[in-house]
Amino acid sequence: MTIAIIIVICVVLLVLAFLLPRLSRFPQRGVDRTLEAGRRVVGEVPGKPGDLLEKPFSSAERAVDKSAAAGRKGRAKAES
């Protein structure tokens, strides 16, 4: 379920970044803040379990950022 949500967010940001590159930064920051908050909460778990629980949040944040960057890059190529 969580993976599906992240995939949907990535697709939405990809399309938004392609159509409205400047305005796509605000939703991207919102998603990043949300994922960062989740990462901070589970990061308080001591030891190795805390490290393992942080990994999905950091991976999701990286995927979202990469997706939005790809949309902006595609838009830049389409304009030139």
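The values are calculated or read from the model by the stated rules, or taken from the named source; none is laboratory data. Since the model is a prediction, treat every value here as computed from it, not as a measurement. A quick note on method: Cβ atoms are made from the backbone with ideal geometry, for glycine too, and the neighbour counts reach across all protein chains shown.
Below, the figures for the structure above:
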{"quantity": "Residue count for segment 1-30, restricted to those that are part of a helix (DSSP H, G or I) and either farther than 15 Å from Ala60 by Cβ or among the basic types (Lys, Arg) (or both)", "calculated": "8"}
{"quantity": "When residues of segment 38-80 are limited to those that are more than 14 Å from Cys10 (Cβ to Cβ) and of a type in the set (A, V, I, L, M), the one surrounded by the fewest Cβ atoms within 10 Å (Cβ to Cβ)", "calculated": "Ala78"}
{"quantity": "Contacts under 7 angstrom Cβ, first residue in segment 9-22 being under 19 Å from Lys77 (Cα atoms), partner among the polar types (S, T, N, Q) and outside any loop (DSSP other than H, G, I, E, B), 6 or more apart", "calculated": "Leu13/Gln28; Leu13/Ser67; Leu14/Ser67"}
{"quantity": "Residue match in segment 36-43 (condition: of a type in the set (Asp, Glu) and either farther than 13 Å from Asp65 by Cα or in contact with a Phe, Trp or Tyr (Cβ under 6 Å, 6 or more places away or on another chain) (or both))", "calculated": "no"}
{"quantity": "Selection status of Arg33, assigned to a helix (DSSP H, G or I), loosely packed, with under 12 Cβ neighbours inside 10 Å and within 11 Å of the chain's Cα centre (by Cα)", "calculated": "yes"}
{"quantity": "Arg22 vs. criteria at pLDDT below 95 and loosely packed, with under 14 Cβ neighbours inside 10 Å", "calculated": "yes"}
{"quantity": "Test result for Val11, modelled with pLDDT of 95 or more and surrounded by fewer than 16 Cβ atoms within 10 Å (Cβ to Cβ)", "calculated": "yes"}
{"quantity": "Residue match in segment 30-44 (condition: closer than 30 Å to Glu79 by Cα, without any contact (Cβ under 8 Å) to a residue 12 or more places away in the chain and of a type outside the set (Lys, Arg))", "calculated": "yes"}
